[in-house]
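The values are calculated or read from the model by the stated rules, or taken from the named source; none is laboratory data. Keep in mind the model is a prediction, meaning the values are calculated, not measured. Reconstructed Cβ throughout: ideal geometry from the backbone, glycine too, with neighbour counts over all protein chains shown. Heavy atoms of the whole protein, side chains included, go into the accessibility calculation; ligands, DNA and RNA do not. Shrake-Rupley method; radii C 1.70, N 1.55, O 1.52, S 1.80 Å.
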Amino acid sequence: MKNEKAIGLFIVIAGFIILLGKLGVFGFIGRNFWPLLLLLPGIALYALFYARVSPSWSLVPAGILSVYGVLFSITNIWGAGLMRNLWPVLLLGIAAGLLGYGMVERRRPEYVYPAALIIGAVSIVLLAFTLLQTGIIYVLAVLLILGGFWLLVGRGRTGRSKGW
């Protein structure tokens, strides 16, 4: 009797899986959530390190996988065309991994921390140049104007008078 119920349950589950597959549920999940295949192992490596299960060098792939998972999630949601402007984030992933390792390693590897800072700085500069070629320059201009007005008008009222 128990074997019949187990076989029946297995058949019902198999039927649901086949039905969901034919309805395109698995294709939808695969198309939309594949970046989690990068992000979740990256987060897991961080968790394993901070649980004192994995060594400090595991922070290198943790940083790379986490940053790449976030990057590919963004491009998956708003379109792969964003990679035209966000490609420097690939370098930023390497920098994040090296920086994490360089900061926590007790022996302080001589070239890891400076390499992480250099790669990170190059990545941010390249990202700034690529983003300034897009419409974000208008957002930056508006933010600068609003910040200037705030310094001229709004800030003087809340504090001491500066002799205006």
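See the values below:
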| item | result |
| --- | --- |
| Near pairs, Cβ below 7 angstrom, 6+ apart or cross-chain, from the range 101-114 (of a type in the set (Ser, Thr, Tyr)) to any residue that is open to solvent by less than 100 Å² (accessible area, probe 1.4 Å) | Tyr101/Ser56; Tyr101/Leu59; Tyr101/Val60; Tyr101/Val112; Tyr113/Gly102 |
| Unique residue being under 21 Å from Ala44 (Cβ atoms) and of a type in the set (A, V, I, L, M) when the list is Ile94, Ile136, Ile124 | Ile94 |
| Matching residues in the range 104-129 - criterion: being in contact with a Gly (Cβ under 8 Å, 6 or more places away or on another chain), more than 30 Å from Asn85 (Cβ to Cβ) and open to solvent by less than 70 Å² (accessible area, probe 1.4 Å) | Pro109 |
| Lone qualifier among Tyr46, Tyr68 - being open to solvent by 60 Å² or more (accessible area, probe 1.4 Å), out of contact with any Pro (no Cβ under 6 Å at 6 or more places or on another chain) and in a helix (DSSP H, G or I) | Tyr46 |
| Conditions (1) without any contact (Cβ under 8 Å) to a residue 24 or more places away in the chain; (2) open to solvent by 60 Å² or more (accessible area, probe 1.4 Å): number failed by Leu36 | (1) |
| Within the range 17-33, tally of residues that are hydrophobic (A, V, I, L, M, F, W, C) and loosely packed, with under 12 Cβ neighbours inside 10 Å | 4 |
| Total residues in the range 27-43, condition over 15 Å from the mean Cα position of the chain (by Cα) and part of a loop (DSSP other than H, G, I, E, B) | 0 |
| Lone qualifier among Ser73, Ser54 - being small (Gly, Ala, Ser) and under 12 Å from the mean Cα position of the chain (by Cα) | Ser73 |
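So that you can scan it fast, the table gives a plain yes or no per residue for (1) hydroxyl-bearing (Ser, Thr, Tyr); (2) modelled with pLDDT under 90; (3) within 30 Å of Asn32 (Cα to Cα); (4) not in a helix (DSSP H, G or I):
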position	(1), (2), (3), (4)
Asn85	no, no, yes, no
Ala95	no, no, yes, no
Ala116	no, no, no, no
Leu127	no, no, yes, no
Leu140	no, yes, no, no
Leu143	no, no, no, no
Gly154	no, yes, no, no
